[in-house]
């Protein structure tokens, strides 16, 4: 098993520890100077708790690090902290009984291999470190599919996503084989909209159905947004039924995926 990858927050915590050592100050002394609990400093150093930027700046002042900790924090750690949109959607995914996902040009994130996800991230021109952080978050997010009580998931994928080269033929073969493997699980249904059907137009989206609510995650050119209004959710549900109706049955979808795998292997 590969060793656990260090997060940016954990790396920042180590820098905080080094700064304390250089200043000949213990964690308890730093806590007293900042008027926080010693356990808070320990959690910062271990990457278990995220400090506010103002706290980081105060650390710089007390330790005499000339703004280094704040610059490091703003450059790397803030990229790792989920946005308000991420928080809302990831919370919904974690509580969902049913997830419905339509994708037009890529394999759904919940079903992506690490190599495929890494290649997708590189298309967005992120830095190498940022790419690895995002791939890590995507892998962690996928754990909802294999926990003790996973949601039922229905994925509808346009055939274009199977044929669009992402990361090279080997990556595509690995990814599509993994897609077939996932589709064998009792809580996962994968359907493909074949090429050549009548034109339809929609953006990728997901619907999470919870015990007492439905939320929609709609992708746009920059990121995504969570929609909760009843009217919008009803409209998204109608669109979902249209795209699901256009897709092949699961068995025929698997046959198409297997055919595309063979073509990528040529």
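The values are calculated or read from the model by the stated rules, or taken from the named source; none is laboratory data. The structure presented is a predicted model; accordingly, all values stated were derived computationally and were not measured. Every residue, glycine among them, receives a Cβ derived from its backbone with ideal geometry; neighbour counts consider all protein chains shown.
General observations
- Residues that are surrounded by 18 or more Cβ atoms within 10 Å (Cβ to Cβ) and in contact with a helix residue (DSSP H, G or I) (Cβ under 6 Å, 6 or more places away or on another chain) within the range 159-170 comprise 162, 166, 167, listed in sequence order.
- Test: residue in the range 199-210 that is free of Cβ contacts under 8 Å to residues at least 24 places away in the same chain and farther than 28 Å from residue 95 by Cβ: yes
- Condition met for residue 176 (loosely packed, with under 12 Cβ neighbours inside 10 Å and at pLDDT 90 or above): no
- The single condition from (1) at pLDDT 85 or above; (2) closer than 30 Å to residue 76 by Cβ; (3) surrounded by 14 or more Cβ atoms within 10 Å (Cβ to Cβ) that residue 143 fails is (3).
- Where helices (runs of 4 or more DSSP H) sit wholly within the range 1-53, those with at least 3 residues that are under 17 Å from residue 67 (Cα atoms) and touching a residue at least 40 places away in the same chain (Cβ under 8 Å) occupy 8-22.
- Candidate set from the range 199-210 (those that are surrounded by fewer than 18 Cβ atoms within 10 Å (Cβ to Cβ) and in contact with a helix residue (DSSP H, G or I) (Cβ under 8 Å, 6 or more places away or on another chain)); member that is nearest to residue 227 (Cα to Cα): 210
- Counted residues, the range 148-158 - those being under 15 Å from residue 250 (Cβ atoms) and surrounded by 19 or more Cβ atoms within 10 Å (Cβ to Cβ): 5
- Selection count, the range 60-77, where residues are assigned to a helix (DSSP H, G or I) and either surrounded by 15 or more Cβ atoms within 10 Å (Cβ to Cβ) or at pLDDT 90 or above (or both): 12
- Lone qualifier among 92, 96, 117 - being within 11 Å of the chain's Cα centre (by Cα), at pLDDT 80 or above and crowded, with 21+ Cβ neighbours inside 10 Å: 117
- Just one residue in the set 235, 174, 181 is closer than 27 Å to residue 94 by Cα and in contact with a helix residue (DSSP H, G or I) (Cβ under 8 Å, 6 or more places away or on another chain); that residue is 174.
- The number of residues in the range 44-59 being at pLDDT 90 or above and buried (at least 19 other Cβ atoms within 10 Å of the Cβ) comes to 5.
- Condition check for residue 233: surrounded by 12 or more Cβ atoms within 10 Å (Cβ to Cβ), part of a helix (DSSP H, G or I) and in contact with a strand residue (DSSP E or B) (Cβ under 8 Å, 6 or more places away or on another chain): yes
- Test for residue 103: is it out of contact with any helix residue (DSSP H, G or I) (no Cβ under 9 Å at 6 or more places or on another chain) and either modelled with pLDDT of 95 or more or within 25 Å of residue 248 (Cα to Cα) (or both): no
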